[in-house]
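Trainee: My questions will all concern the structure given below.
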Protein chains: 2
Amino acid sequence: MMITSLIQVNGASSGIRRSAQVVCGTKVARNPNMEKLKNGYLFPEIWQKQLAHMKKYPDAQIINLGIGDTTEPIPKIITSAMAEYSLGLSTVEGYKGYGAEQGNEELRKVIAETIYKDMGIQDTEVFVSDGAQCDIARLQLLFGSNVTIAVQDPTFPAYVDSGIILGQTGEYADYGRYNGIEYMRCAPENHFFPILSNIKPTDIIFFCSPNNPTGHAASRDQLVKLVEIAKRNGSIIVFDSAYAAYVSDDSPRSIYEIPGSKEVAIEVSSFSKSAGFTGVRLGWTVIPEELAYSNGSPILKDFDRIITTCFNGASNIVQAGGLACLSKEGQKDLHGVISFYKENANILAETLSSIGLQVYGGLNSPYIWVHFPGTKSWNMFAEILERTHIITVPGSGFGPSGESFLRISAFNHRELILEACRRFRRFFRTVPSISSYSLNQTDFFLHQ
Amino acid sequence: MMITSLIQVNGASSGIRRSAQVVCGTKVARNPNMEKLKNGYLFPEIWQKQLAHMKKYPDAQIINLGIGDTTEPIPKIITSAMAEYSLGLSTVEGYKGYGAEQGNEELRKVIAETIYKDMGIQDTEVFVSDGAQCDIARLQLLFGSNVTIAVQDPTFPAYVDSGIILGQTGEYADYGRYNGIEYMRCAPENHFFPILSNIKPTDIIFFCSPNNPTGHAASRDQLVKLVEIAKRNGSIIVFDSAYAAYVSDDSPRSIYEIPGSKEVAIEVSSFSKSAGFTGVRLGWTVIPEELAYSNGSPILKDFDRIITTCFNGASNIVQAGGLACLSKEGQKDLHGVISFYKENANILAETLSSIGLQVYGGLNSPYIWVHFPGTKSWNMFAEILERTHIITVPGSGFGPSGESFLRISAFNHRELILEACRRFRRFFRTVPSISSYSLNQTDFFLHQ
């Protein structure tokens, strides 16, 4: 029996036209896990807010310090390598079809030898991909619906959302929490590192360091403790090192700097933020041979099956770019770009601190994590957008403990970072006192 | 408690070293769906056979007519567009970060306007991706583990394997079958189109036309019947048109040529075989706005959520190539490459027919489907490899009804196709009579 009803096609993200039309339903039931998702994915939701703002203020010069999107040109040595590879595909000698789904052998080798120098990672443990976010979804597919997961709170939302989609969680509970997920609170009072003794054991621990959004890079001692607790509980750590290139102090850039971690940890990483490859798409995942399920079977073998069945390798053109990124000259040039973004972060952090705000992050990360005690993140987001035309990210979008914070990205051209600082200064001058946030927020902030 | 055991890391695919070592297991249980998978993914398994053969005969000139891997250079207009885009990323004006996860707006529009001309597909219904195989996995993620699926038998193995991984099936039964999957037999006696009245209703019907591996392109009448049965049963058709560019007669190139199909069909397609993008990676999926779940909610909206959460868009460089593929000049040049492969298919089909073999496919497809009645596919594969150094694909790898067939790919350089034909002729001359396959196969063929 066909069900006919009037449906508003109400796309969560850009490019979906809103239209009312008669829809004939199939008999296929909607995936109940998809129904559990309370909101759209965070960044498309913010994009919708930006579109609405652009419509309201068509002449406003919006400054986007929201999604962590790189803005600076990619060093020539890297784009030349990709251009050359591409042109080679028009020649008999240069043409290549399918590559190994696990990635170009040379690139796997170079990743193992440069990124994981002296950490004992073999090329055969490195799987090249089209990006960390995509690999997180493939890891979730690998784990399946029966595992339990823990996440830093706040954290990059893809871990939770992909877990919900896979059926690892219960229903939405409240305050941005889903039943069945272990939220590891990371807040100023614990210096953004969870109190591990409070954590309920789970199968999987997603851990992002330097953390997105808080910007906190876990210290060596902290990661030693994390590996210890994973061993004690028999958990697998999925360590997201997408921002490793931003580490300025001696915090580890990889979980494999910690002895014994290969028995308990997978690492996911990316060229997006280190090489400006957000749109070019390249990342990798490391699965050590030692890592095994409770029945002793190696996880690497199952991930290999996922990669060969559900993926077909990263673009060969892009992999040629990855090789150039890891060449000596490429590394040197990229260091310059990363330093540039880090200076941006410093400018933003100093400006916001000088205003009297509580500012975290920025040292080991391109993100500033700003506290507005007593406010709602989405209200603060809306207020700043309305008054300054600056896009930020509401902290609560990263987890319940992100409430009353905003994440501010340092990815932008210098002149726009400076202009944003001017606007922030002007805006906060109009605020009688920073403490008024907590005193009188209902008068002060817009309601969603 | 840690489990310690001796594990042989025995990778199913290339690049995984075999080593014996002590492995400390975590407490995480292996995903039971992964345990259901009987074999490795088909093409890596064949690659392992090829590696073993290369080791045995290091001087043999192996001709690969196995995996459908394009071999001819990509027209210059396309690689130039990608090279130019790449070099532009080193400039302030040309740099682009994250694009829309759904794909570049212009490319979505051009796909809607050229591939789906006069079929009423809107750009907002087109999702650009890194390839059809990856989209199949994402569609399975969308559907979840509660759906039932039907597949052509034989068919491209990713539908079944991704269904197993998602938990849509029962355990392995026998003869290459898994419990819970509806196998729609496609064999010479039904002209490779299933007897639809025999098919048990399922939620999803995967349908590949022109079919990989049989090469059969369903006629308009057949697809009208398929849409009718989907409507009657309330099923969703996932129509894989990856080989549409090879259609030579008036068989539909898209399911959307069939009136009413938008209410029941998703289409997955690819630039891999039409533009030689097997290693470059580009594809797309169409989800019509009309397509809805039994509760009336639009499927497009949920797929959009999957795409924004579990994917980050195809490489922007590669999307620039996709635009060039669909330009007038690009289309003309690609037509030349496709014609070349079709001539290859014709040469292979004529040669194998002239030997007295039963040959199918080739007209609307780059694949020849050859029947060896009374033999086992894997034995025939091994015999041909041993005697001629030619890689083919055992038909049983595509489903139980593929048993006693081989798929032979027309993707190769002309001189190698001609050399393969010489070797086939020589080999089959040594065979007393083609009918001897069925009479005396145990003497004649190698055992696995």
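The values are calculated or read from the model by the stated rules, or taken from the named source; none is laboratory data. These numbers were taken from a predicted model, which means no experiment stands behind them. Here Cβ is always computed from backbone atoms with ideal geometry, including for glycine, and neighbour counts include all displayed protein chains. For accessibility, only protein heavy atoms count, side chains too; no ligands or nucleic acids. Shrake-Rupley method; radii C 1.70, N 1.55, O 1.52, S 1.80 Å.
Trainee: In the stretch B:53-64, which residues are in contact (Cβ under 8 Å) with a residue 60 or more places away in the chain and either of a type in the set (Gly, Ala, Ser) or part of a loop (DSSP other than H, G, I, E, B) (or both)?
Mentor: Once the filter is applied, which keeps residues that are in contact (Cβ under 8 Å) with a residue 60 or more places away in the chain and either of a type in the set (Gly, Ala, Ser) or part of a loop (DSSP other than H, G, I, E, B) (or both), the stretch B:53-64 yields B:Tyr57, B:Ala60, B:Gln61, B:Ile62.
Per-residue answers, yes or no, for (1) crowded, with 24+ Cβ neighbours inside 10 Å; (2) more than 10 Å from B:Asp130 (Cα to Cα); (3) of a type outside the set (Asp, Glu):
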{"site": "B:Glu263", "(1), (2), (3)": "no, yes, no"}
{"site": "B:Glu267", "(1), (2), (3)": "yes, yes, no"}
{"site": "B:Phe271", "(1), (2), (3)": "yes, no, yes"}
{"site": "B:Ala275", "(1), (2), (3)": "yes, yes, yes"}
{"site": "B:Ile287", "(1), (2), (3)": "yes, yes, yes"}
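Trainee: Counting only residues that are β-branched (Val, Ile, Thr) and in contact with a Gly (Cβ under 8 Å, 6 or more places away or on another chain), give me the helices (runs of 4 or more DSSP H) lying completely in the stretch A:65-175 with at least 3 of them.
Mentor: Counting at least 3 such residues, we get A:76-88.
Trainee: Kindly indicate the residue of the stretch B:54-74 that is in contact with a Ser or Thr (Cβ under 7 Å, 6 or more places away or on another chain) and not β-branched (Val, Ile, Thr) and also nearest to B:Lys328 (Cα to Cα) among those meeting that condition.
Mentor: Only one residue tops the list, namely B:Pro73.
Trainee: Continuing with the same structure: I'm trying to understand the selection: among the residues of the stretch A:101-110, which are within 7 Å of chain B (Cβ to nearest Cβ) and surrounded by fewer than 20 Cβ atoms within 10 Å (Cβ to Cβ)?
Mentor: A:Glu105
Trainee: Quick check: anything in the stretch B:419-441 at pLDDT 95 or above and in contact with a Gly (Cβ under 7 Å, 6 or more places away or on another chain)?
Mentor: No, that holds for no residue.
Trainee: Something else about it: Testing B:Lys76 on (1) at the interface with chain A (Cβ under 7 Å from one of its Cβ atoms); (2) within 25 Å of the chain's Cα centre (by Cα), one condition comes back false. Which one is that?
Mentor: Failed condition: (2).
Trainee: Name every residue in the stretch A:291-309 that is hydroxyl-bearing (Ser, Thr, Tyr) and either more than 7 Å from every other protein chain (Cβ to nearest Cβ) or open to solvent by 10 Å² or more (accessible area, probe 1.4 Å) (or both), in order of residue number.
Mentor: Correct list: A:Ser294, A:Ser297.
Trainee: List pairs: first residue in the stretch B:25-46 and at the interface with chain A (Cβ under 7 Å from one of its Cβ atoms), second residue open to solvent by 30 Å² or more (accessible area, probe 1.4 Å) and in a helix (DSSP H, G or I) anywhere in the structure, Cβ distance under 8 angstrom, at least six positions apart or on different chains.
Mentor: B:Thr26/A:Glu263; B:Lys27/A:Asn233; B:Gly40/B:Gln48
Trainee: Among the candidates A:Ile258, A:Ile237, which residue alone is more than 11 Å from every other protein chain (Cβ to nearest Cβ), farther than 23 Å from A:Gly322 by Cα and among the aliphatic types (A, V, I, L, M)?
Mentor: Every option except A:Ile258 fails the conditions.
Trainee: Which of (1) at pLDDT 95 or above; (2) facing chain A (nearest Cβ under 8 Å) does B:Ile67 not meet, given it meets every other one?
Mentor: Among (1) at pLDDT 95 or above; (2) facing chain A (nearest Cβ under 8 Å), B:Ile67 violates only (1).
Trainee: I've got another one for you. What are the residues in the stretch A:65-89 that are among the hydrophobic types (A, V, I, L, M, F, W, C) and either in contact with a strand residue (DSSP E or B) (Cβ under 9 Å, 6 or more places away or on another chain) or in contact (Cβ under 8 Å) with a residue 40 or more places away in the chain (or both), if any?
Mentor: Scanning the stretch A:65-89 gives A:Leu65, A:Ile67, A:Ile74, A:Ile77, A:Ile78, A:Ala81, A:Met82, A:Leu89.
Trainee: Let me ask something else. Any residue at all in the stretch A:69-89 that's buried (at least 23 other Cβ atoms within 10 Å of the Cβ) and acidic (Asp, Glu)?
Mentor: So far as the stretch A:69-89 goes, no, none of its residues is buried (at least 23 other Cβ atoms within 10 Å of the Cβ) and acidic (Asp, Glu).
Trainee: On to the next question. With respect to B:Tyr116, determine if the residue is open to solvent by 10 Å² or more (accessible area, probe 1.4 Å) and more than 7 Å from chain A (Cβ to nearest Cβ).
Mentor: no
Trainee: Give the stretch A:310-330 a look and list any residue that's part of a helix (DSSP H, G or I) and more than 8 Å from chain B (Cβ to nearest Cβ), or say none.
Mentor: A:Gln319, A:Ala320, A:Gly322, A:Leu323, A:Ala324, A:Cys325, A:Lys328, A:Glu329, A:Gly330
Trainee: Out of the stretch A:365-378, which residues are over 23 Å from the mean Cα position of the chain (by Cα) and crowded, with 20+ Cβ neighbours inside 10 Å?
Mentor: A:Thr375
Trainee: Before we move on, is A:Ala60 within 30 Å of A:Ser409 (Cα to Cα), crowded, with 18+ Cβ neighbours inside 10 Å, modelled with pLDDT of 95 or more and more than 7 Å from chain B (Cβ to nearest Cβ)?
Mentor: No.
Trainee: Anything in the stretch B:145-194 that is within 10 Å of chain A (Cβ to nearest Cβ) and open to solvent by 30 Å² or more (accessible area, probe 1.4 Å)? List them, or say none.
Mentor: B:Ser145, B:Asn146, B:Thr148
Trainee: Residues in the stretch B:122-134: is at least one in contact (Cβ under 8 Å) with a residue 12 or more places away in the chain and surrounded by fewer than 20 Cβ atoms within 10 Å (Cβ to Cβ)?
Mentor: For the stretch B:122-134, residues in contact (Cβ under 8 Å) with a residue 12 or more places away in the chain and surrounded by fewer than 20 Cβ atoms within 10 Å (Cβ to Cβ): present.
Trainee: Hey, any hits in the stretch B:203-211 for a residue that's modelled with pLDDT of 95 or more and open to solvent by 30 Å² or more (accessible area, probe 1.4 Å)?
Mentor: Taking every residue of the stretch B:203-211 in turn, at least one turns out to be modelled with pLDDT of 95 or more and open to solvent by 30 Å² or more (accessible area, probe 1.4 Å).
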